[in-house]
1. Select from segment 8-65 the residues that are more than 28 Å from the chain's Cα centre (by Cα), surrounded by fewer than 17 Cβ atoms within 10 Å (Cβ to Cβ) and not in a loop (DSSP other than H, G, I, E, B) and list them in ascending order.
2. Among W108, W88, which is the only one that is surrounded by fewer than 15 Cβ atoms within 10 Å (Cβ to Cβ), among the hydrophobic types (A, V, I, L, M, F, W, C) and at negative phi?
3. How many residues does segment 282-320 contain that are in contact with a Lys or Arg (Cβ under 9 Å, 6 or more places away or on another chain) and under 19 Å from H15 (Cα atoms)?
4. Could you please give the count of residues in segment 303-353 that are within 16 Å of the ligand (Cβ to nearest atom) and among the hydroxyl-bearing types (S, T, Y)?
5. A103 fails exactly one of the following numbered conditions: (1) surrounded by 19 or more Cβ atoms within 10 Å (Cβ to Cβ); (2) in a loop (DSSP other than H, G, I, E, B). What is the number of that condition?
6. Can you find, within segment 386-400, the residue that is surrounded by the most Cβ atoms within 10 Å (Cβ to Cβ) among those that are within 19 Å of N322 (Cβ to Cβ) and either in contact (Cβ under 8 Å) with a residue 12 or more places away in the chain or touching a Gly at 6+ places or on another chain (Cβ under 7 Å) (or both)?
7. Exactly one of these conditions fails for L318: (1) crowded, with 19+ Cβ neighbours inside 10 Å; (2) in a loop (DSSP other than H, G, I, E, B); (3) more than 20 Å from the chain's Cα centre (by Cα). Give me its number.
Amino acid sequence: MAETPRLALLGGRPHFSRPLHVGAPNVVDREAVFRRLRGIFDRNRLTNGGPEEQELEETIARQVGVRHCVAVVNATTALQILCRALDWRGEVIVPSFTFVATANALSWLGIQPVFCDVDPGTHNIDPRRVEDLVTERTAGILGVHLWGRPCDVDALQAIAARRNVDLVFDAAQAWGCSAGGAMIGRFGRAEVFSFHATKWVHAFEGGAITTNDGELAERCAAMKRFGFVDFDRTAILGTNGTMTELAAAMGIVSVQTQDVVRRRNRENFDAYADSLRTLPGVKIVTPAARDDWHYHHVVLEIDEAVAPLGRDEVQRVLWEDNVLARRYFHPGCHRLEPYRSSATRRPLPVTERLAGRTLALPTGLQMDARDATLIAQLMWAAFEQAPAVRAAVAQLPDLTDAGAETLRR
Ligand code: T4K
């Protein structure tokens, strides 16, 4: 290890002059987006099923290897449309250890999310816990490929078939990932991707439903456009989930240039992994050998029983140095409103443990491998001076008060 860096928390100057964000947008080729934008203005077709949206849908379907793709304004709306198109009511089994949008999409439709614990190794919904939660009110299982690592699709599929319920996946974090050679996006009855600006491939805001079920795709496509199946005929209750042409153009260029981002993510990830391998009590989330990954989520598990500092203390150290690490997904949906106040709480010990120890670090084009190594060195330095760090953190205001302002910088 190089010379110990002087932590900003302990009086040094911040090592990064500009904040490094988790989820800073990656834009590889602005000119290509501008060219497409000129075409959009020339055609004067700005939204509602223009050529950019159609091209994006074809691009996604081709890369995933499915027959149908329906582009939607964002993944949250896409999940809602999919749930409606499946005519889901009653209860749906879903992990709590996910971004709150997964559960909210259900609740927004009056469907009750039934929170299931996750597997401690994969962080994904634990099939061994799912079956006990199936009741006569269960409409389906909504798995989440958290961090882009695939759920245990086969086990979930077996339960869904045995109990005669639907299985779909929230693949918001999993664009470009595969499970044992099969691209995520092909599993269950349908899957939903997010192309939000914070994703490694994005459309400013965007989402997509992928499926091999033609009838389901047709229903989703009609629902996303007010229920229209013709220029003036509706067939179904719909909403407005349309993606603009500008967003679709950004999405196409982002897919076309994704290898540049994946390569940088990989370099950053390897540098983090190399430097953190022997840091006591710290484990980095890695893909299984059989899977392809985007290396977009650099997620640590910090075990306070072994590490000299806890996750929240490490986060404060990094923030003082302008590394805005995030506690994804603290504290778990079941501990956020409106779920926290609901009467039907069951114990989720693995979710609780993970929510207290996971920390997401920045990556992407905003930084390089040297930066990743330096961030790891800051963590080493913090561990070496743990008593002083602990005392200094205790003097700081609560992060929830200062945090929102800092993130806007
Ligand atoms: N299911 C799952 C499993 C998901 O992870 C998500 C979204 C969804 C469903 C729903 O997908 P969408 O409906 O969004 O398509 C972010 C994103 O808003 C959200 O899309 C994402 N998951 C979630 C994990 O993270 P925040 O509130 O943590 O991100 P935000 O806006 O604070 O962005 C992170 C940092 O990145 C900012 O502090 C600053 C920087 N940033 C962000 C944006 C948007 C920029 O520098 N420029 C930007 O344009 O939720």
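1. Of everything in segment 8-65, those that are more than 28 Å from the chain's Cα centre (by Cα), surrounded by fewer than 17 Cβ atoms within 10 Å (Cβ to Cβ) and not in a loop (DSSP other than H, G, I, E, B) turn out to be L10, R35, R38, G39, F41, D42, R43.
2. The match here is W108.
3. Number of matching residues: 2.
4. Number satisfying all stated conditions: 3.
5. (2)
6. The extreme case among them is V389.
7. (2)
Listed here are the residues, each with its yes/no results for (1) in contact (Cβ under 8 Å) with a residue 40 or more places away in the chain; (2) farther than 25 Å from C177 by Cα; (3) within 16 Å of the ligand (Cβ to nearest atom).
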{"site": "L7", "(1), (2), (3)": "yes, yes, no"}
{"site": "H21", "(1), (2), (3)": "yes, no, yes"}
{"site": "A24", "(1), (2), (3)": "yes, no, yes"}
{"site": "V28", "(1), (2), (3)": "yes, no, yes"}
{"site": "V33", "(1), (2), (3)": "yes, no, yes"}
{"site": "R38", "(1), (2), (3)": "no, yes, no"}
{"site": "D42", "(1), (2), (3)": "no, yes, no"}
{"site": "T47", "(1), (2), (3)": "yes, yes, no"}
{"site": "E55", "(1), (2), (3)": "yes, no, no"}
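The values are calculated or read from the model by the stated rules, or taken from the named source; none is laboratory data. Nothing here was measured: the structure is a model prediction, and the numbers come from that model. Cβ coordinates were reconstructed from backbone atoms using ideal geometry, including for glycine residues, and neighbour counts include every protein chain displayed.
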